[in-house]
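Take a look at the structure set out below.
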Amino acid sequence: MPTFRHLRSVIVIAETGSATKAARLLGTVPSALTADVAALEAEYGCRLFERDGRGMHPTEKGRELSRRAEQVLASLRALERGIKVPTSAIRGRVRLGLLASLAPSIAPPTVAEVAARFPDVGLTLVGAQSGDLADGLASGTLDLASLYRDEILPIHAAGPFWRDDLVLVGSQTLVADHAVTIEAALALPLALPSPRHGLRRLVERAAAARSLSVAPRVEVDAPTALPALLATGEVAAIVAASRRQALDAHLVQAPIAGLAREVTIARLRGTRLPAVLAVEEIVRRVADELFAGGAAHAVAQRPGP
């Protein structure tokens with residue numbers, strides 16, 4: 001099912017004749033827009049654009065979709081104007097918990113957009129590991145939190161889910177500069193979170209499926225301590241690909257074949273505070289842009305009431 005973002009991508013590419021020009025207008029990257037088009041072409045089973053050295057040109061089906069998409073978006077905007085809570089009425093403080101690996105990428109654009117669109121909404125940002133975020137959401141000390149798929153409960157409104165590949169990072173003496181297997185990664189002295197956190201549980205499930213054991217050299221529940229530990233050259237770590245940019249560029253980073261996490265933004269089901277819903281919508285769009293250039297995200301479920 002096409003999303004608002006998919007339709008917007010088709011319309012702007014059709015108007016400009018170029019994914020690069022469209023990306024500039026939409027404030028994103030060309031790969032995100034071409035991924036949207038590819039997803040629609042796969043779903044509809046037809047080519048929407050012809051590609052050549054001069055750009056992207058809509059086919060007959062592409063022109064039809066663009067025309068209908070404009071009608072759909074115009075209807076949605078009219079609907080929004082009729083029922084949306086005025087921006088001036090959206091106020092309050094929203095407590096947003098982000099996985100420490102995602103916070104550097106998601107927090108800055110989220111803060112900027114909230115400030116621009118909802119000046120009476122304040123943000124409290126918390127960067128932590130998944131177990132702490134799940135506890136905060138359950139206790140009510142957080143309004144929104146990024147969680148792993150296996151942490152989603154019936155009390156949560158969550159989705160879509162984004163795929164984030166896992167990589168092995170460490171010094172040149174420990175990590176080879178090529179893709180590795182989970183078996184090879186677990187044979188190294190590792191720094192991993194304790195078992196109450198999502199990444200550790202994911203690694204343990206992958207290990208159990210191969211009859212392997214997980215015995216880290218050190219358990220680290222303080223994300224800020226990990227870079228210093230890796231710098232010693234004594235341990236390697238398994239981290240999300242989205243976190244790589246925050247680590248020392250001198251560390252070797254190797255993809256782990258077949259190992260990835262699925263994350264989402266969740267709130268307690270029934271939470272309808274306008275400020276929380278406004279921030280939730282912004283965070284989801286920022287995350288969509290973050291993950292669109294990498295592995296395709298899968299919409300498993302949409303937030304409930």
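Around Ser211, what is the net charge, scoring Lys/Arg as +1 and Asp/Glu as -1 over all other residues with Cβ under 13 Å from its Cβ? Local charge sum for Ser211: 0. Is the range 183-228 best put as rounded, prolate or oblate by its Cα gyration tensor, with a ≥ b ≥ c the root eigenvalues, rounded for a/c under 1.5, and otherwise prolate when a/b is larger than b/c, oblate when not? Verdict is oblate for the range 183-228. Along the Cα-to-C-beta direction of Phe4, a point sits 7 Å from the Cα; which residues of the range 247-288 have their amide N less than 17 Å from that point? Once the point is set 7 Å along Cα→Cβ of Phe4, 265, 273-288 turn out to lie under 17 Å by backbone N, inside the range 247-288. Straightening the chain between Leu76 and Glu204 buys 41.6 nm, computed as 0.36 nm per residue apart minus the Cα-Cα spacing.
Here the accessible area is traced with a 1.4 Å probe on the protein chains. For the range 1-71, carbon and sulfur cover 53 percent of it. Using the Cβ-Cβ distance between Lys61 and Glu281 with R0 = 30 Å, the FRET efficiency computed as 1/(1 + (r/R0)^6) comes to roughly 0.50. Under a GNM of the chain (C-alpha, springs under 10 Å), which listed residue has the highest mean-square fluctuation: Arg67, Arg91, Arg261? Ranking Arg67, Arg91, Arg261 by mean-square fluctuation puts Arg67 first. Helix 198-208 and the longest principal axis of the Cα set of the chain meet at an angle near 70°. Note on Thr20/Gln253: beta-carbon distance plugged into 1/(1 + (r/R0)^6) with R0 of 35 Å gives a FRET efficiency of 0.80. Would you mind counting up the charge near Ala222? Only other residues with Cβ under 15 Å from its Cβ, with Lys and Arg at +1 and Asp and Glu at -1. Counting the neighbours of Ala222, the net charge comes to 0.
Solvent-accessible surface of the range 173-297, taken per residue with a 1.4 Å probe and all protein chains present: 45 Å². Couplings for the range 140-148, taken from phi via the Karplus curve 6.51 cos²θ - 1.76 cosθ + 1.60 with θ = phi - 60°, read x, 7, 10, 8, 9, 7, 8, 10, 6 Hz in order; Gly and Pro are left as x.
For Leu142, neighbours were defined as the other residues whose beta-carbon sits under 14 Å from its Cβ, and their charges (Lys and Arg +1, Asp and Glu -1) total -2. Put +1 on the Cβ of each Lys and Arg and -1 on the Cβ of each Asp and Glu in the range 1-70; which of Ser9, Leu48, Gly62 then has its Cα farthest toward the positive end of the dipole? Of the candidates, Ser9 comes out farthest on the positive side. Note on Glu50 and Ala222: their simple-model spin labels are 6.2 nm apart, each label 7 Å out from Cα toward Cβ. Based on the alpha-carbon gyration tensor of the range 1-96 and its eigenvalue square roots a ≥ b ≥ c, which shape applies: rounded if a/c is under 1.5, prolate if not and a/b is larger than b/c, or oblate? Prolate. The length gained by stretching the chain between Ala138 and Asp150 to full extension, at 0.36 nm per residue less their Cα-Cα distance, is 2.8 nm. Taking 0.36 nm per residue of separation and subtracting the current Cα-Cα distance, fully stretching the chain between Arg93 and Ala231 would add 45.9 nm.
Give the angle, between 0 and 90 degrees and rounded to the nearest 10, that separates the Cα long axis of helix 130-139 from the longest principal axis of the Cα atoms of the chain. Result, in degrees: 60. What a 1.4 Å probe finds exposed on the range 160-275 is 55% carbon and sulfur by accessible area, rounded to a whole percent.
Convex hull volume of the C-alpha atoms in the range 157-288, normalised per residue: 124 Å³. Based solely on its DSSP helices, what 222 nm [θ] is calculated for the chain when runs of n ≥ 4 H residues each add -39,500 (n - 2.57) and the sum is averaged over all residues, nearest 500 deg cm²/dmol? Computed ellipticity for the chain at 222 nm equals -13000 deg cm²/dmol. Taking the chain as a Gaussian network of alpha-carbon nodes connected by springs under 10 Å, the highest mean-square fluctuation of the residues Ala78, Ala254, Ala103 belongs to Ala78. Tilt of helix 60-83 relative to the longest C-alpha principal axis of the chain, in degrees (0 to 90, nearest 10)? Around 90 degrees separate the two axes. Once Rg and the Kirkwood radius are both taken over the C-alpha atoms of the chain, their ratio Rg/Rh works out to 1.00. Computed over the alpha-carbon atoms, the range 56-173 gives an Rg to Rh ratio of 1.09, Rh here being the Kirkwood radius from the mean inverse distance.
The values are calculated or read from the model by the stated rules, or taken from the named source; none is laboratory data. The model shown is predicted, which means the values in this text are computed figures rather than measured ones. Counting neighbours? That spans all protein chains shown, and the Cβs are built from the backbone with ideal geometry, glycine included. Accessible surface is based on the protein model in full, side chains and every heavy atom, while ligands, DNA and RNA are left aside. Shrake-Rupley method; radii C 1.70, N 1.55, O 1.52, S 1.80 Å.
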